[in-house]
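Q: The structure under discussion is supplied below as structure tokens; questions concerning it will follow.
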Amino acid sequence: MTRTQHMLYRRRYLLWITAALLALGGGLAIAFLQIDRAEGRATELASEADRRGDAVSTLAGDVRTLRAQIKAGGETPAVPDPAQAVDDLPARAEVPVPIPGPPGPAGARGERGPAGEPGAAATPSPGPSGAPGRAGADSTVPGPAGPQGPAGPAGPAGKDGANGQDGVDGRDGKDGQTCPAGYSLQAPPTDPDALVCRRDGAPAQPDPAEAPSPLAAALDPTRRQYP
């Protein structure tokens with residue numbers, strides 16, 4: 001601990017007292033400022049009240065003067081007397097306006113009075129009926145379709161039906177020939193087991209067995225020899 005810290009520690013009580021005095025002094029200064037502002041506000045209100053009282057007194061005197069002039073002319077004034085139109089007019093037109101002073105000290109608390117008699121027992125009574133509830137959903141609306149159930153057992157076989165009436169005889173069909181007119185089925189030379197449509201009167205096709213093959217022509221010993 002340094003020398004300065006040691007000195008401050010020994011004089012800590014003086015520091016606390018100084019801080020308390022500063023806080024108290026600040027509070028008192030704020031209180032005096034508030035009091036001064038309240039007094040200034042009260043002075044302004046008193047001045048405004050006096051000005052309004054003077055205005056009311058002046059208007060009341062002017063109305064009375066106008067009423068007197070109208071009566072002097074033999075007419076009846078439409079405006080009533082200010083004292084009749086305004087309750088307690090003299091007190092309202094008094095200047096300076098009396099301003100209530102600050103409240104006095106609170107009085108001593110009075111003695112406690114005797115206990116009151118117990119009240120009569122309350123009679124239970126039903127409360128008012130509540131509002132009708134909201135109507136529920138219409139039960140006549142069909143719900144969603146359920147899943148398809150399992151197939152039931154096969155029913156008994158039905159009785160044989162009666163024989164129907166004989167149909168009308170059909171017309172004669174065409175010849176079994178499938179070729180168009182002018183053509184007939186003929187076996188081709190390359191496949192004797194097949195039948196194809198061939199034009200009537202067409203020249204006969206050469207037999208492929210009788211025609212020399214290219215290989216036989218190439219092996220012919222009498223073919224032309226080249227040097």
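The values are calculated or read from the model by the stated rules, or taken from the named source; none is laboratory data. On a predicted model such as this, the values are computed, not experimentally measured, just so you know. We place every Cβ from the backbone using ideal geometry, glycine too, and count neighbours over all the protein chains shown.
Q: Is it true that ALA42 is closer than 21 Å to LEU89 by Cβ and surrounded by 12 or more Cβ atoms within 10 Å (Cβ to Cβ)?
A: no
Q: Taking helices (runs of 4 or more DSSP H) that fall entirely within segment 1-86, which contain at least 2 residues that are β-branched (Val, Ile, Thr)?
A: Fully inside segment 1-86 and qualifying: 12-72.
Q: Now for a different question. Quick one: in segment 87-97, which of the residues that are part of a loop (DSSP other than H, G, I, E, B) and within 13 Å of ARG52 (Cβ to Cβ) is modelled with the lowest pLDDT?
A: Initial filter on segment 87-97 (part of a loop (DSSP other than H, G, I, E, B)): 87-88, 93-97.
In the following step, the residues that additionally are within 13 Å of ARG52 (Cβ to Cβ) were identified as 93-97.
Working: ALA93: 65, GLU94: 64, VAL95: 63, PRO96: 61, VAL97: 55.
Among them, the one singled out is VAL97.
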